Amino acid sequence: MTIDSGYVPGQIPQTYLELPHSQQGDNKPGGKAFAPAPEPLPVPVMDNHTHLDYGVPGALSVAAALDAAAAAGVRGAVQVGTDLESSRAAVRLAEEHPRLLAAVAIHPNDAPALAAEGTLEAALAEIESLASHPRVRAVGETGLDYFRTGPDGVGAQQYSFRRHIEIARRVGVALQIHDRDAHDDVVRVLGEEAEPPAVVFHCFSGDADLARTCNDNGWYMSFAGTLTFRNAQGLRDALAIADPALILVETDAPFLTPHPYRGRNNASYMIPYTVRAMAEIRGAELAGFCASLASNTERVYGAWN
């Protein structure tokens, strides 16, 4: 990430506001200009899933991006790894920046290729070693993704998922789950394995039925900008019945930018757009809802500093 020397504490840097509209569509780093700064939240919260190391043209240094987030009422974030390189980077960034914690894992879409190469076991061994670092507070994102991986990869994905659950349990940290088109199998595997201290459904993508299952099992549901999409009534129904003690918020930046800025690059400073939508859906007073989110997040990951 490049350094923007024009950052002024308390305001979103112009780099975030004036990126060229060079690429259209959702979930594509380097897409449309960043959204304008939201009104800061009355009580600070944390972004429990972001990817600050993903290349985004015009993005800020990590420190400046965290300053921009703090100006919007987002006082910390969990930097998430998806392979060995990004997991190592997550640990390094969490060492360098007190406002970051780290999560490390092999993404489910990568597990079949690593298994075919005969390198999955070595990769998992390194993930366990990284997970033992004191700034690593979660194993993830792991889980199952049947959208991008065909039937031939299901076995390797499920094996990798089970191993990540085992690592999180053994190390004693939370588990961040990537669940795409695989709700039933994710729930089944979790039911078959002894659980780690906390289970988080990253970018919760289920409906009210899955939310009830999470309520019953004490699994956390982390909602992202997708909650604000017009076609996401199922997510809003899930949030409406979620146990308030199990609700978290995230960006999954630079992806999943909330409405009305869908298609632009996301960043932690944009959390207030999602949090305000969540509070409205819950019929909750904003300051109290933010305090609950912060408390839930620290219960899962521990203290940042």
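The values are calculated or read from the model by the stated rules, or taken from the named source; none is laboratory data. Everything numeric here is computed off the predicted structure, so don't read it as measured data. Every residue, glycine among them, receives a Cβ derived from its backbone with ideal geometry; neighbour counts consider all protein chains shown. Quick note on the areas: whole protein, heavy atoms, side chains included, nothing else; ligands and nucleic acids left out. Shrake-Rupley method; radii C 1.70, N 1.55, O 1.52, S 1.80 Å.
Taking the chain as a Gaussian network of alpha-carbon nodes connected by springs under 10 Å, the highest mean-square fluctuation of the residues 53, 184, 67 belongs to 184. Distances between every pair of Cα atoms in the range 140-205, grouped in 10 Å steps from 0 to the bin holding the largest one, split as 23, 59, 17, 1 percent. Ordering 183, 118, 133 by Cα displacement along the dipole of the range 82-213 toward the positive end leaves 133 in first place; charges were set at the Cβ atoms of Lys, Arg (+1) and Asp, Glu (-1). Taking only protein heavy atoms and a 1.4 Å probe, the accessible area of the range 110-149 is 56% carbon and sulfur. Accessible area per residue for the chain is 39 Å², calculated with a 1.4 Å probe on protein heavy atoms, without ligands, DNA or RNA.
Counting trypsin sites (Lys or Arg not before Pro) as exposed when in a DSSP loop with at most 14 other beta carbons within 10 Å, what is the longest stretch of the chain free of them? That would be 1-147.
Once Rh for the chain is found with the Kirkwood sum over Cα pairs, what is the Stokes-Einstein diffusion coefficient at 4 °C and 1.567 mPa s, in µm²/s?
Numbers: Rh = 19.1 Å.
For these conditions, the coefficient is 68 µm²/s.
Across the accessible surface of the range 173-305, with the other protein chains kept in place and a 1.4 Å probe, carbon and sulfur atoms take up 47 percent. Near residue 253, the amide H atoms lying under 5 Å from its own belong to 51; only residues 5 or more places off or on other chains count, and H is placed 1.01 Å from N.
Here the Karplus relation 6.51 cos²θ - 1.76 cosθ + 1.60, evaluated at θ = phi - 60°, turns the backbone of the range 90-98 into coupling constants of 4, 5, 4, 5, 5, 5, 7, 10, x Hz, with x for every Gly and Pro. Here the 3J(HN,Hα) profile of the range 124-133, calculated from phi with Karplus coefficients 6.51, -1.76 and 1.60 at θ = phi - 60°, is 5, 4, 5, 4, 5, 4, 5, 5, 7, 5 Hz, Gly and Pro shown as x. Between the range 186-237 and the range 70-109, what is the separation of their alpha carbon centroids in Å? So the separation of the two Cα centres works out to 21 Å.
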